[in-house]
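Accompanying notes for the structure given below.
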Amino acid sequence: MQNKKIKIFIIAGEVSGDALAARVMRRMVGRADFVGVGGAAMTACGLKSIFPMSDLSVMGITEVLSHARTLTWRIKQTVRAIIDARPDLVLTVDSPGFARSVIKKLRTSSAGRELIAAGLRFHHIVAPQVWAWRPGRAKKYARTFDKLYAFFDFEVPYFTKYGLNTIAVGHPIAENIMDLPPAPKVRDKIITLVPGSRISEVKKLLPVFRRVVETINSCGYMGYKFAIPTVETTDEYVRREIKDWVVKPEPIAADARYELYQKTYVAVVASGTVSAELAMLHVPAIVAYKMNRITTLIGHLLINVKWVSLVNILLNRTVYPEFLGAAATSENIINEFDSIILPANRNKMIADLHAADNMWVRPNGVASQIIADDILKSV
């Protein structure tokens, strides 16, 4: 492993990527300097983001189209910043669409080709979910990246098939979970609501969650309290919206969310990283997701998996109930809530979550350390 400091241009486009990138950065303190795009977690590690990460936090076909001008400008700005910085490595974390756009422009520009000829390489963390839809997309990523860090063994062959050097590193969230004190044996009657980390998600799910809260509060459920963890991209909006609720969930800062999850009796959450966090902590949960009609229709045509929750996919059965698109209604969520709070059903779900424990971590270490060590050896 080299002694000379390396320069890494690092890019994360959303909250989960920001947290993961920060963990990798901490593993390379004193060995690497960083410049790039990130959020609060990466800023705390010393990164000065060249623009707000929230500009990249969009999802869905029409949502991306409505932000096309901003995204186009940010792509050009990022390419120029990479050329000016002359890094040893470009490390992108999730947000594969933005990452591909940036790297494609670099590979086709004269200044970018000069950097590549001098040794610039492109590594990407989080395998795009080609196993869920359009597996042939893996070929495009093989032409884009020089190395890919996937979470699970089953993802690797999709990319190595096209010659992309791919390493399974385990799920990075697991290393945070492993360091937590044991959860209380008897959980408080807290219902945790997580409407998402993107404004577009929150705007669609928060009204549904409001009706869930109002129903639980008015229909004889005794002793339940509500909490809602927020992230930097949604905090202001969520706090403003819940001011008008008859029953107001307690806003919880993102860095205190694991403590909240350990106390949670049942969670109602958007599809995404949070469902993996809750699964690792053995918290019963209901997953919901709403998109605009066009994105939903196209998704039904293209997506090849039965589930969106990672624990369901890993165990190949429904552990967390999922209500997606038109099915994401307060009525469906409440009906499932009625079922989950029955002791036998609750205990069965928790036992199923325990069955996935050995799938989250690699035997040779935690994800951020594996990634950091590999980068330092590769550059």
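Structure notes:
- Phi angles of region 343-354 translate, via the Karplus equation with coefficients 6.51, -1.76, 1.60 and θ = phi - 60°, into HN-Hα couplings of x, 5, 5, 5, 5, 5, 5, 5, 5, 5, 5, 4 Hz per residue; Gly and Pro are given as x.
- Helical runs assigned H by DSSP (4 residues or longer) give the chain a calculated mean residue ellipticity at 222 nm of -13500 deg cm²/dmol, each run adding -39500 (n - 2.57) before division by the residue total.
- Unit Cα scatterers, Debye sum, region 190-359: log10 I(q)/I(0) for q = 0.13, 0.19 Å⁻¹: -0.60, -1.34
- Shape analysis of region 148-283 based on the Cα gyration tensor places the equivalent ellipsoid semi-axes at 32, 19, 13 Å, largest first.
- Potential extension, ILE252-SER110 segment - 0.36 nm per residue separation minus Cα distance: 46.3 nm
- Its Cα centre serving as origin, the chain has a Cβ charge dipole (Lys and Arg +1, Asp and Glu -1) of approximately 1220 debye.
- Pair-distance distribution P(r) for region 189-241, from all Cα-Cα distances in 5 Å bins starting at 0: 4, 20, 30, 22, 14, 8, 2 percent.
- Cα principal axis extents for the chain, largest first, Å: 68, 44, 39
- Rg/Rh for region 309-371, where both radii come from Cα atoms and Rh is the Kirkwood radius: 1.11
Each reported figure results from applying straightforward, stated rules to the coordinates on display, with no laboratory input. Being a predicted model, the structure only gives us computed values, none of them experimental. Because the Cβ atoms are built from the backbone with ideal geometry, glycine has one as well, and the counts that use them run over all protein chains shown.
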